[in-house]
Amino acid sequence: MGTVRTKADIKAQHHLLSGAISGLTSAVCLQPLDLLKTRLQQGYDVGRKSHRLTPVVRQVLAEDGVRGLWRGTVPTVVRNVPGVAIYFYMLSSIRYELGRVPFFKTVVESTDGKKRSALSKLSATGNLVAGAVARTSVGFVLNPVTIIKARFESNAYKEYRSVTGAFRDIVSKAGFRGLFQGFTATAVRDAPYAGIYVVFYEKCKELAGRALALRPELGIPNAALHSGSAVTASVLATVITSPADCVKTRMQVAPAANPNIGSAVSHIYRDSGLKGFFSGSSLRISRKAASSAIAWTVYEGLLLVFHTRDAARKAAPL
């Protein structure tokens, strides 16, 4: 028999498996949005500036066909599957540990008696800390794959044919340090994004749960509650962190011209003014909203299935 990991009686492998499946699903389905966002943020397009979506879509289709919209899917999957799995596992573990500290702990019981989440309950501060620490830690480990992903999606590295080839190219030109180009900007984006996201996500679930308790006859499933909360939280967190995402993309796609945050900020402002810091934000919002809805619905849904199955096994007579 496996050992119990948390109060919710969820095993570590359940978090990893649920996270991996949700990461794979969102990565494959939403890669076109990621590719188009990167093209808009890179700041140049075959010698000319292009900050509009329609010309970028037309160029991708003209050069590579519909299949070109999924360029970069392999590095995205390589990053997202283990990344989302590890992120959800770390987030669960950190939340569980913080839940043992009175300052971070909170108790929010469902007023209708239904279990709508398999995760530990924390205060807003606890959720902020847990999300930021988990996301930044995973971001550092997977930063090399993030750079390769961004370059595959860009039209400035068409010579890349494989993940290993891209890896060798980066190391040969910039050393292993090049694999962590843009991490500071990534952390500036990810830490507040993840923290704010988890805070909003949990608060939305709490408010939605209370509202549903007043109208139990509606019979709204947990999946709808999770996806709705995820979309709302994602939109709010994405808008707040869009400037940092633009800076991160510039640093990773054009490291020679943007060796640090200051130069990237300067180039973005010079090229497009303040609106340049929100280039591709509509695509990022769409991608993040859809990704969050898929990832958290699949993740929490599978956790609840595992939890119910384990509870039934324990209750069954020997």
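The values are calculated or read from the model by the stated rules, or taken from the named source; none is laboratory data. Computed from a predicted model, the values in this text were never measured in an experiment. Positions of Cβ are backbone-derived with ideal geometry, glycine not excepted, and every protein chain shown enters the neighbour counts.
General remarks:
- Which listed residue, of Thr308, Thr238, Thr232, is in a helix (DSSP H, G or I) and under 20 Å from Leu36 (Cα atoms): Thr238
- Any hit, the range 303-314, residues being surrounded by 18 or more Cβ atoms within 10 Å (Cβ to Cβ) and under 19 Å from the mean Cα position of the chain (by Cα): yes
- Residues located in the range 160-196, provided they are assigned to a loop (DSSP other than H, G, I, E, B) and touching an Asp or Glu at 6+ places or on another chain (Cβ under 8 Å): Tyr160
- For the range 241-259, filtering for residues that are out of contact with any helix residue (DSSP H, G or I) (no Cβ under 6 Å at 6 or more places or on another chain), aliphatic (A, V, I, L, M) and touching a residue at least 40 places away in the same chain (Cβ under 8 Å) leaves 1.
- Qualifying residues in the range 126-164 (those that are modelled with pLDDT of 85 or more and small (Gly, Ala, Ser)) - the one farthest from Thr249 (Cα to Cα): Gly126
- Any hit, the range 272-288, residues being in contact with a helix residue (DSSP H, G or I) (Cβ under 7 Å, 6 or more places away or on another chain), farther than 15 Å from Ser22 by Cα, part of a helix (DSSP H, G or I) and without any contact (Cβ under 8 Å) to a residue 12 or more places away in the chain: no
- Identity of the residue in the range 75-88, touching a Ser or Thr at 6+ places or on another chain (Cβ under 8 Å) and within 12 Å of Val145 (Cβ to Cβ), that ends up surrounded by the fewest Cβ atoms within 10 Å (Cβ to Cβ): Arg79
- Per the listing Leu128, Leu122, Leu207, the residue uniquely more than 20 Å from Ile294 (Cβ to Cβ) and either loosely packed, with under 15 Cβ neighbours inside 10 Å or of a type in the set (Phe, Trp, Tyr) (or both) is Leu207.
- Checked against the criterion of being β-branched (Val, Ile, Thr), crowded, with 22+ Cβ neighbours inside 10 Å and more than 21 Å from Val77 (Cβ to Cβ), the candidates Val235, Val231, Val239, Val199 yield just one match: Val199.
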